[in-house]
Amino acid sequence: MTEKEQFLREVNNAYENGDEQFFMERITDDIYWEIVGEKDISGKAEFKEVLDRMKEMPPVEIEVQNVFLDNLHGIVRGVVVSRNRLGQKKHYGFCDIYKFAEGGEKLRLSGITSYVIDISRHIQYKENC
């Protein structure tokens, strides 16, 4: 496993565990996170606000299925399992495109684009077949 792949797996573990400190140390001040079709988050302060709000949500489980890399970007594809307010499981397929910050001694992120889609019905269909 390459250093970048390990880093992106750690990013997803930090998200799953609500590890705000991990993110704050590994993103640039001008981080830009686009959650396609939902919202855009600009800068470290706004990113921290989003992480704080996520702490109030039920815990999630993340299954990383694939990691693809080049020099400037990493792509992670997988499934997030969470629970809605009624306690029912919800499954979301995701694809996150990460932009690595240039320079510096350790890997950091300067951009994230997230595509997320509810796949709960598909999962239920597969389980019933």
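The values are calculated or read from the model by the stated rules, or taken from the named source; none is laboratory data. Source: prediction; values computed, not measured. Note that each Cβ is placed from the backbone with ideal geometry, even for glycine, and that neighbours are counted across all protein chains shown. We work out accessible area using only protein heavy atoms, side chains counted, and drop any ligands, DNA or RNA first. Shrake-Rupley method; radii C 1.70, N 1.55, O 1.52, S 1.80 Å.
The table below gives the values:
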read-out	value
Scan of the stretch 55-86 for residues that are open to solvent by 70 Å² or more (accessible area, probe 1.4 Å), closer than 19 Å to ILE119 by Cβ and touching a helix residue (DSSP H, G or I) at 6+ places or on another chain (Cβ under 7 Å), ordered by number	GLU61
Of residues in the stretch 1-48 being part of a loop (DSSP other than H, G, I, E, B) and of a type in the set (Asp, Glu), the one most open to solvent (accessible area, probe 1.4 Å)	GLU38
Hits in the stretch 101-124 (condition: more than 14 Å from the chain's Cα centre (by Cα) and part of a strand (DSSP E or B))	ASP118
Selection count, the stretch 96-107, where residues are more than 12 Å from LEU8 (Cβ to Cβ) and open to solvent by less than 40 Å² (accessible area, probe 1.4 Å)	1
In the stretch 72-89, residue nearest to GLY104 (Cα to Cα) [restricted to those that are in a strand (DSSP E or B) and without any contact (Cβ under 8 Å) to a residue 24 or more places away in the chain]	ILE75
Residue match in the stretch 7-23 (condition: hydroxyl-bearing (Ser, Thr, Tyr) and touching a residue at least 60 places away in the same chain (Cβ under 8 Å))	no
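Yes/no per residue for (1) at pLDDT 95 or above; (2) hydroxyl-bearing (Ser, Thr, Tyr):
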position	(1), (2)
SER42	yes, yes
GLU46	yes, no
VAL50	no, no
PRO58	no, no
PHE68	yes, no
GLY74	yes, no
ARG85	no, no
